[in-house]
């Protein structure tokens with residue numbers, strides 16, 4: 001009898017790619033001349049040019065009108081220079097030149113006055129030209145090059161939020177980096193740095209990576225980095241703080257820096273950990289806080305009907321007066337704000353409401369931080385007004401899952417403010433996208449929470465639930 005035919009082995013997870021360096025080139029489809037033509041034709045229509053990974057040495061788009069391009073991906077090719085034609089794309093916002101053979105940045109790049117994202121990592125740059133920082137860049141990635149210095153002119157990049165100069169040969173950072181007041185993420189990993197400049201302590205950094213350098217000391221002034229969440233410092237010959245403290249994490253590092261500062265200033269020891277910054281306080285809550293304090297100062301005194309018990313000693317009298325003043329303050333604040341906060345509880349106290357306000361402020365600070373770090377944007381002081389038209393929230397949904405919101409109404413120079421109908425449509429589309437992506441119903445805010453700026457805390461809950469969803473790969477370039 002014939003032996004049974006063996007079925008070919010089927011991997012239980014056929015859709016999961018497996019790492020096989022030897023077969024990598026066979027896994028990728030070969031780019032044909034026709035596919036390149038199709039990519040260029042699509043770019044004419046869509047404004048998005050993608051010719052990545054085609055081993056190109058010369059720019060192929062001379063026969064096409066691509067002057068309206070807003071995003072260009074020329075990564076993983078063999079360009080020896082930035083194509084001059086690309087420097088004429090006036091509306092260009094995002095330019096990806098990763099993994100080419102580029103040795104210099106031409107001055108013609110200053111024509112790109114709408115460029116906010118530039119990735120020119122893994123090339124052969126030895127100098128960052130001064131004119132580069134006249135562009136409105138928000139994200140600049142120049143890692144894995146041959147840079148030995150950073151020009152002082154980097155201080156002109158006022159909009160820069162993310163800077164990656166890792167894996168170079170930089171020895172000193174200029175003090176002018178302290179002027180980058182929008183910078184949130186700084187990666188200076190794997191360079192030749194020996195000293196961290198004090199000026200960086202004035203920046204609103206959320207993430208700082210200076211691992212794999214020759215740094216021995218963190219300046220005590222870095223305790224003022226109040227918004228810092230992640231600090232990476234491994235593979236440095238650290239002496240201050242000592243290595244055993246660095247291994248314990250950020251809180252212990254900040255405590256050590258604070259103690260060092262106290263010794264230097266000869267002041268009493270007090271822990272200066274990251275706290276809530278003033279810029280994160282929304283105007284609405286700040287007004288409520290100020291109103292409560294003003295009421296306390298202006299409310300006339302109405303003594304209680306019951307007569308105070310006699311106290312024999314001077315100390316007892318002082319204590320009685322103190323409790324009486326406290327009673328008056330709490331009574332006045334309760335009466336003036338009971339209607340505003342909707343409280344009828346007779347045990348209502350000022351401390352409880354102040355704590356409630358602080359919690360709201362902290363939640364709104366987290367909302368701002370989530371949006372700014374994900375979308376690489378800088379929101380205005382009034383977060384509620386910035387979210388009211390739904391544009392930022394729709395972009396966030398598309399960042400989490402591309403094309404979750406297929407159509408977004410955005411302001412234009414001619415009509416800088418959207419109508420209420422378009423704002424409502426944006427907000428409803430955002431909430432519908434959240435529902436489809438899997439945000440639980442009990443964590444979804446209502447349209448009026450966004451449109452009328454009445455529930456920023458609930459909007460924050462919705463945004464946090466959206467960010468906590470199982471991640472799909474986000475878009476590489478933010479289109480906001």
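Observations on the structure shown:
- Tabulated pairs, segment 437-464, first free of Cβ contacts under 8 Å to residues at least 60 places away in the same chain and at positive phi, second surrounded by fewer than 17 Cβ atoms within 10 Å (Cβ to Cβ) and part of a loop (DSSP other than H, G, I, E, B), C-beta under 6 angstrom, 6+ apart or interchain: 438/469
- Test for residue 228: is it within 19 Å of residue 160 (Cα to Cα) and assigned to a helix (DSSP H, G or I): no
- The residue of segment 208-225 that is farthest from residue 250 (Cα to Cα), among those that are part of a loop (DSSP other than H, G, I, E, B) and touching a helix residue (DSSP H, G or I) at 6+ places or on another chain (Cβ under 8 Å), is 219.
- Evaluating residue 440 against the criteria (1) loosely packed, with under 14 Cβ neighbours inside 10 Å; (2) over 21 Å from residue 71 (Cα atoms); (3) more than 15 Å from the chain's Cα centre (by Cα); (4) at pLDDT below 90 leaves one unmet condition, (4).
- Residues located in segment 83-110, provided they are under 20 Å from residue 62 (Cβ atoms), in a loop (DSSP other than H, G, I, E, B) and touching a strand residue (DSSP E or B) at 6+ places or on another chain (Cβ under 8 Å): 89, 92, 97
- Scanning segment 146-162 for residues being out of contact with any helix residue (DSSP H, G or I) (no Cβ under 9 Å at 6 or more places or on another chain), farther than 16 Å from residue 173 by Cβ and free of Cβ contacts under 8 Å to residues at least 60 places away in the same chain gives a total of 1.
The values are calculated or read from the model by the stated rules, or taken from the named source; none is laboratory data. On a predicted model such as this, the values are computed, not experimentally measured, just so you know. Every residue, glycine among them, receives a Cβ derived from its backbone with ideal geometry; neighbour counts consider all protein chains shown.
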